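The values are calculated or read from the model by the stated rules, or taken from the named source; none is laboratory data. The structure displayed is predicted, hence computed values, not measured ones. A quick note on method: Cβ atoms are made from the backbone with ideal geometry, for glycine too, and the neighbour counts reach across all protein chains shown.
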Amino acid sequence: MNFIRFINGSIKLILQGSKAYYAWLFFLVALALWGGFGYIDQLQDGLITTNMRDSVSWAFYIGNFTFLVGIAAAAIMLVIPAYIYDWKPIKEIVIFGELLAVCAVIMCIAFIVVDIGNPMRFWHMLPLVGTMNFPYSMLSWDFFFLLAYLIINLTVVTHLLYSIFHKKEYNKKVVQVIVLISIPMAVGIHTVTAFLYNALPARPFWNSALLAPRFLASAFCSGPAILLILFQILRKITKFEIKDKAIWTIAELMVYAMFIYLFFTIAELFKEFYSGTEHILYWKYLLFGIGDSKEIVPYSWSSIIMGFIAFVLFLIPKTRKNFVTLNIGAVLIYASVYVEKGIALIIPGFTPDVLGQIYVYTPSITEIRTAAMIFSLGFLLFTFLVKIAIAIVFENYNISDIIKKEKSVKSEMSTI
């Protein structure tokens, strides 16, 4: 009964809000419907409505999946200083990192579903139910880690909100143990995702031992970038107070991640270009193009330039602690990693193909609409969860008081 009250109270919170809140919800729902009709076209006609072909069989969907795995893994950027070092300014806001991880994992699974074509095939991904080809399939390992990571974060968030909702002390020992487990799991989900690419020896562009560390380093840049902007928005439109020190500390941690990411990338480029093997062809296609095929070059260089500018802005203390330049850097690093994961990672791995042919891939309108549907639904879920968390944790929301007020209003109305 207490849990039912918790659910009912959460639903009441979701339904309350300002005009700006309802306008935001309307925008997300409209975008989801627009994208949903595009996905219906894919369900009716099949994956032929996308621009994926035999030459480029992984593309926009898998790129978004890879990017979102990194966003989910980035929650440990808040978890470690909060629970391992017990740093209170971060501990107050760590729940938002866990909420972001929950929504990101759900969107990851959604991109897997749309990429396999017929969604009815998804049951093969379920442990003990489908034929996962476990333990030989790397995708089955990836899904296992994603599912476990989702359950861990969902358990922690639900327990914390449920306890605070009923004004009870949460079980600190249990939460700390689960959170400690979530740290290697966060590393694991992105590492296994990198192994998805590493496990294809016929694709030398991905056949690098540095791929997994590069994935993790880029994840610890893009995920916190979202949270930095979110925290500033929340403390302006709600009573939620976030100390500047917490924001600057997150930004400082991002500097270390950016440096490691740039260092690994430079090391990879040196190895490829100095050795000068035939596998350098894929890097040449990415950075300079092959012949007249230069379609991907602007994206790769834009990702590099945006990432470097963001690194400089975050490296210098004056610009890192100036909210204008801080936000510019956060947007740039987010965009840089998104372009790198969505285009600069996937497409060069398939181009040229095994026959030496160059297939020019660009996402179809169906792929764009389907991705818009998933992202809008993910942001809708995140909006609901953040609203619930703020009301319960930071605004001392008490459903029993609301229920009493509703009963008193009803009794007054009946008397009248």
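Brief remarks on what is shown
- Selection status of Glu241, surrounded by fewer than 13 Cβ atoms within 10 Å (Cβ to Cβ), touching a residue at least 12 places away in the same chain (Cβ under 8 Å) and charged (D, E, K, R): yes
- Residue pairs meeting the criteria (Cβ under 7 Å; at least 6 apart or on separate chains; first free of Cβ contacts under 8 Å to residues at least 12 places away in the same chain, in the stretch 170-195; second among the aliphatic types (A, V, I, L, M)): Tyr170/Leu160
- Test result for Thr277, β-branched (Val, Ile, Thr), under 30 Å from Tyr136 (Cβ atoms) and over 24 Å from the mean Cα position of the chain (by Cα): yes
- Number of residues in the stretch 244-290 that are assigned to a loop (DSSP other than H, G, I, E, B) and in contact (Cβ under 8 Å) with a residue 60 or more places away in the chain equals 1.
- Tally, over the stretch 136-153, of residues that are over 17 Å from Phe122 (Cβ atoms), hydroxyl-bearing (Ser, Thr, Tyr) and in a helix (DSSP H, G or I): 1
- Looking only at the stretch 50-79, residues that are over 16 Å from Met373 (Cα atoms) and touching a helix residue (DSSP H, G or I) at 6+ places or on another chain (Cβ under 9 Å) come to 20 in all.
- When residues in the stretch 4-31 are screened for being modelled with pLDDT of 90 or more, closer than 28 Å to Tyr162 by Cβ and either exposed (fewer than 11 other Cβ atoms within 10 Å of the Cβ) or of a type in the set (Gly, Ala, Ser) (or both), 0 of them pass.
- Hey, Phe134 under 26 Å from Leu47 (Cβ atoms), surrounded by 14 or more Cβ atoms within 10 Å (Cβ to Cβ) and either modelled with pLDDT under 85 or not aromatic (Phe, Trp, Tyr) (or both) or not: yes
- Elements of type helices (runs of 4 or more DSSP H) contained in the stretch 1-104, each with 1 or more residues being of a type outside the set (Ser, Thr, Tyr) and in contact with a Gly (Cβ under 7 Å, 6 or more places away or on another chain): 60-73, 76-79
- With respect to the conditions (1) over 21 Å from Thr325 (Cα atoms); (2) at pLDDT 90 or above; (3) among the hydrophobic types (A, V, I, L, M, F, W, C), Val255 falls short on a single one, namely (1).
- Within the option set Val129, Val192, Val175, Val156, being in a helix (DSSP H, G or I) and more than 27 Å from Asn8 (Cβ to Cβ) holds for one residue only, Val192.
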